[in-house]
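All remarks here apply to the structure that follows.
The values are calculated or read from the model by the stated rules, or taken from the named source; none is laboratory data. Because the structure is a prediction, the values reported are computed rather than measured. Positions of Cβ are generated from backbone atoms using ideal geometry, with glycine treated the same way; all protein chains shown enter the neighbour counts.
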Amino acid sequence: MTYEELKKAYEESLQKCSELEKEIEDKDLRIEHLTELLIKRNICPE
């Protein structure tokens, strides 16, 4: 592999890592939101 190919692969890996970190953050926020809804529902069931 040439230096340029390695550099491109590295940059693509960084980009993918960044995308996955964002996806994890979004899912963590969704889990937190759903957990809050469950807590509220259990405290004040309809």
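In this structure, does Arg41 turn out to be at pLDDT below 95 and assigned to a helix (DSSP H, G or I)? Spelling it out, Arg41 is indeed at pLDDT below 95 and assigned to a helix (DSSP H, G or I).
Any residue at all in the range 5-19 that's surrounded by fewer than 10 Cβ atoms within 10 Å (Cβ to Cβ) and modelled with pLDDT under 95? Among the residues of the range 5-19, not one is surrounded by fewer than 10 Cβ atoms within 10 Å (Cβ to Cβ) and modelled with pLDDT under 95, which makes the answer no. Across the range 20-46, what is the number of residues that are among the polar types (S, T, N, Q) and surrounded by 10 or more Cβ atoms within 10 Å (Cβ to Cβ)? Matching residues across the range 20-46 total 1. Residue pairs whose Cβ atoms lie under 7 Å apart, sitting 6 or more positions apart in sequence or on different chains, and linking a residue in the range 1-22 that is without any contact (Cβ under 8 Å) to a residue 24 or more places away in the chain to a partner that is of a type in the set (A, V, I, L, M), do not occur here.
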